[in-house]
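Student: Just dropping this structure here.
Since every read-out is calculated from the coordinates, none of them should be taken as a lab result. Just so it is clear, the structure is predicted and the values come from calculations on it, not from any experiment. Ideal geometry is used to build each Cβ from the backbone, glycine not excepted, and the neighbour counts take in all protein chains shown.
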């Protein structure tokens with residue numbers, strides 16, 4: 001891609017490819033989203049974020065082996081294509097409210113092309129130069145020339161940035177993310193080079209709470225927080241094992257089985273996006289959501305705002321013209337559970353607290 | 001032990017042969033073995049099972065991120081005048097085996113990289129100006145060299161590896177032939193084998209019977225069953241494949257012993273353990289029983305005989321392998337080195353070599369601007385990162401109420417002293433909270449001093465009601481303080497769980513029990529590791545319910561004396 005060294009010169013040659021030993025060669029063949037068994041809250045949250053990116057990110061916390069990463073990686077294949085400015089290294093989308101980079105803003109004619117919505121993996125151990133972007137090393141070395149080489153934040157613009165094991169992310173990288181997600185743009189100052197480009201993306205994180213807490217500032221950046229549990233119901237567990245096994249044996253065939261459902265899901269998302277602006281928010285819903293936030297003592301307005309956005313996106317997903325109480329009830333746990341103040345005397349988990357407050361506020 | 005030895009070695013051979021049949025699909029194997037002839041024999045056997053020329057990569061214990069994933073090769077880069085990248089260990093192991101020693105001390109960040117590679121078969125590189133996705137499908141061999149009581153290898157990593165085998169009790173004399181390695185006939189690809197109808201159900205039911213929560217276990221077992229069938233040249237799995245897979249993949253993950261079908265009552269743990277370690281499957285009887293019951297009988301001997309001890313040590317528990325990592329604090333300026341990162345040398349220690357390394361590639365660019373011999377800019381500055389060694393503070397929470405209190409208390413005191421002596425060696429600390437009547441008191445604040453502890457313990461009185469909730473709240477408060485200090489609290493609750501004083505200090509059994517359960521849930525929510533020792537003469541369902549709510553490991557030691565208590569506690573920490 002844009003100036004990044006795609007096929008570096010390695011000192012040694014890779015050993016010969018052994019088909020037997022390499023089951024995961026085709027990276028594009030992800031487990032289909034439509035084939036995920038259960039985990040409805042997680043699937044819903046990801047779809048809501050795809051419908052309305054301003055909801056602001058999804059955090060998936062839960063047990064080992066519950067398909068957190070699988071679901072998020074599957075998202076890429078589910079999203080409808082988007083229009084981007086041809087040749088723009090930042091993937092600017094003219095119709096999108098995400099903003100344009102300097103070149104696209106001033107450029108006279110903007111030819112657009114269809115492209116996939118990026119779901120960019122931010123692996124643990126990524127260094128700052130690759131995240132924010134840095135000077136193109138090859139050009140600097142060979143020609144003594146300064147050219148900016150965009151990083152992962154540029155690649156994720158207009159799409160999703162996924163961090164697995166988000167609670168293990170190093171502190172100085174968390175700082176970078178906090179800064180960029182707050183301002184929506186990435187500012188790089190290096191070797192006398194000053195680059196500014198838009199970087200608006202939906203932050204998706206996953207992790208296991210047993211491996212350390214998330215910094216409250218970063219926690220607050222996530223619009224929705226879902227908890228996933230290992231299914232205990234035997235029938236569900238059997239279905240998971242059967243599907244996964246079928247997938248491992250014949251990836252392409254398995255994906256083909258679910259194309260129809262995937263298309264249906266994709267169409268639902270497109271329709272919901274179109275409908276989103278026309279969805280009505282009745283005043284009594286606004287009142288209820290304010291009452292709910294008040295009862296739970298969530299800090300700031302962000303919770304309330306996210307609650308309304310998520311409820312509206314869900315109404316759009318349901319194909320409804322106006323938000324109903326049921327929508328609010330459904331999204332409230334995901335929106336509020338990570339915003340509660342920790343109360344040392346409270347004897348139950350945050351999900352139960354939200355549910356109790358829901359009952360009290362909505363009855 | 002030596003009677004089982006040839007079996008163990010045989011099992012190791014079988015696991016290796018399945019790994020060889022389907023390298024990366026099974027994740028790998030955990031081998032509990034100290035360095036020595038047995039481990040060498042295992043490695044030799046592994047090498048023999050794999051085709052010649054298979055990559056066999058050793059991973060050093062402490063290695064920088066760049067060595068693992070690959071990064072820039074500075075010397076070659078400067079010589080060539082263009083970026084040259086060095087392949088990391090993960091990519092080098094592609095299509096082969098990656099060996100990691102001292103897995104019990106593995107850094108969490110390194111474990112996370114290995115997990116990502118195991119999940120995707122690739123390694124994603126985003127560092128040192130390189131962006132790439134390199135194939136890295138390998139089988140991981142983790143050598144667990146931990147002594148009893150030390151941390152276990154990261155549970156999230158071992159969850160992804162199909163096999164686990166304990167060779168630590170073996171001597172080289174026990175090692176038998178390894179003829180299992182040669183496949184019986186023309187080998188198929190495991191991908192060509194289908195799971196027979198009903199076999200997925202059987203594996204899930206088996207995992208359930210053994211109390212295995214993770215869904216990866218039945219998935220890995222399914223893969224192992226297919227590999228087993230492939231070795232025998234079958235196109236569909238049969239019962240022996242499922243039985244073998246269950247024995248090799250599921251048995252070692254058991255967190256509970258399957259209930260014997262005839263007896264409805266569960267016998268006390270020790271007794272049950274003995275039963276299952278010498279099973280006599282009655283062939284006449286097993287005919288008309290479901291497949292999973294037959295297999296459970298057959299694999300009972302593969303369930304580690306020391307399951308109880310392992311549960312205490314956290315191998316089966318949810319909190320396994322997180323230990324020292326939780327609650328760590330940054331930035332530290334001493335401890336185990338963790339590599340370098342960009343930073344301000346005025347606040348942290350400068351890493352000169354890394355700073356020069358990061359400045360080097362830019363010299364040509366900076367030269368043009370007429371800078372000095374070596375131009376180092378602010379963005380090149382690298383500081384050292386350290387991980388502080390976090391200590392464990394064992395907090396005893398002792399029920400000093402009426403009934404059995406005086407007796408229990410004496411034992412608890414004895415146990416605290418014994419554990420303290422051990423803490424002294426490990427530079428860990430211990431504390432003691434006692435609750436009785438209407439209050440809970442910190443009798444002994446966290447200390448390493450034996451004399452001080454003895455003096456304080458001597459004056460500890462007993463008698464009165466049981467304000468269990470207050471005791472738990474006090475424990476959480478103290479645990480909070482310990483965690484804020486950057487240490488790891490470990491709670492040991494000794495009680496019969498017969499709460500009769502509520503959080504408000506008033507009597508009333510029902511309210512008291514509700515309060516206690518609520519306080520227990522708060523402990524679990526905050527993620528404190530704990531062990532509940534049921535001290536009542538007969539194990540109580542109330543106590544195990546409380547342990548459940550706390551997320552605590554439960555141990556019924558009806559007539560434990562101080563020495564047995566200490567023996568149970570030391571490995572649990």
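Student: Ranking A:146, A:200, A:267 by Cβ neighbours within 10 Å, fewest first, what do you get?
Tutor: By the 10 Å Cβ count, ascending: A:267, A:146, A:200.
Student: For region B:57-119, compute the orientation-averaged projected area of the C-alpha convex hull (one quarter of its surface), in nm². Kindly include the intermediate steps, with their values, before the conclusion.
Tutor: Details: hull surface 19.1 nm².
If you wrap the Cα atoms of region B:57-119 in a convex hull and average its projections, you get 4.8 nm².
Student: Note down, for region A:33-230, the three equivalent ellipsoid semi-axes (square root of 5 times each alpha carbon gyration tensor eigenvalue), biggest first, whole angstrom.
Tutor: Over the Cα atoms of region A:33-230, the semi-axes work out to 30, 21, 14 Å.
Student: So, one more: Quick one: which of A:268-281, B:226-239 comes out on top by average Cβ neighbours within 10 Å, and what's the full order, highest first?
Tutor: Put in order of decreasing packing, that is B:226-239, A:268-281.
Student: Estimate the FRET efficiency between residue A:280 and residue A:362 by the formula 1/(1 + (r/R0)^6), using the beta-carbon distance for r and 22 Å for R0, to the nearest 0.05.
Tutor: Details: r = 19 Å, r/R0 = 0.85.
The value I calculate is 0.75.
Student: Set the Förster distance to 25 Å, then compute FRET efficiency between residue A:352 and residue A:324 from the Cβ-Cβ distance, nearest 0.05.
Tutor: E(calc), rounded to 0.05, equals 0.60.
Student: Kindly identify region A:42-103 as rounded, prolate or oblate by the Cα gyration tensor criterion: order the square roots of the eigenvalues as a ≥ b ≥ c, call it rounded if a/c is under 1.5, otherwise compare a/b with b/c, prolate if a/b is larger, else oblate.
Tutor: It comes out prolate by the Cα gyration axes.
Student: In whole angstrom, note down how far apart the Cα centers of region B:443-471 and region A:54-80 are.
Tutor: 48 Å
Student: Relative to the present Cα-Cα distance, how much length would full extension add between residue A:294 and residue A:267 at 0.36 nm per residue of separation?
Tutor: 6.0 nm
Student: Can you give the mean number of other chain Cβ atoms that lie within 10 Å of the Cβ atoms in peptide B:214-221?
Tutor: Numbers: counts 5, 13, 6, 2, 6, 6, 1, 1.
Neighbouring Cβ atoms belonging to other protein chains average 5 per residue here.
Student: If you don't mind, another one. If you rank B:130, A:234 by fewest surrounding Cβ atoms within 10 Å, what's the result?
Tutor: A:234, B:130
Student: For the residue pair residue A:215 and residue A:103, what label-to-label distance in nm results when each label sits 7 Å from Cα along the Cα-to-beta-carbon direction?
Tutor: So the label points at residue A:215 and residue A:103 sit 3.2 nm apart.
Student: Taking other Cβ within 10 Å of each residue's Cβ, how do B:549, B:124, B:538, B:452 sort, fewest first?
Tutor: B:538, B:452, B:549, B:124
Student: For region B:475-514 and region A:104-154, what is the centre-to-centre distance using only Cα atoms, to the nearest Å?
Tutor: 54 Å
Student: To continue, here is another question. How far is it, in nm, from the label point at residue A:29 to the one at residue B:410 when both lie 7 Å from their Cα along the line to the Cβ?
Tutor: Modelled inter-label distance: 7.0 nm.
Student: Starting from the Cα of residue A:183, step 7 Å along the direction of its Cβ; do the same at residue A:147; then give the gap between the two resulting points in nm.
Tutor: Result: 2.6 nm between the two label points.
Student: Sticking with this one: Subtracting the Cα-Cα distance from 0.36 nm times the residue separation, let me have the gained length for residue B:484 to residue B:119 in nm, one decimal. Don't skip to the answer; put the middle values down first.
Tutor: Values: separation 365, 0.36 × 365 = 131.40 nm, distance 3.42 nm.
So the chain would gain 128.0 nm between residue B:484 and residue B:119.
Student: Tell me, what is the FRET efficiency for residue B:80 and residue A:81 to the nearest 0.05, using R0 = 56 angstrom and their Cβ-Cβ distance as r?
Tutor: That pair, residue B:80 with residue A:81, gives E of 0.90.
Student: With a cut-off of 18 Å, note down the residues of region A:66-92 whose backbone N falls inside the zone around a label point 7 Å from the Cα of residue A:112 toward its beta carbon.
Tutor: Residues passing the 18 Å test: A:79-92.
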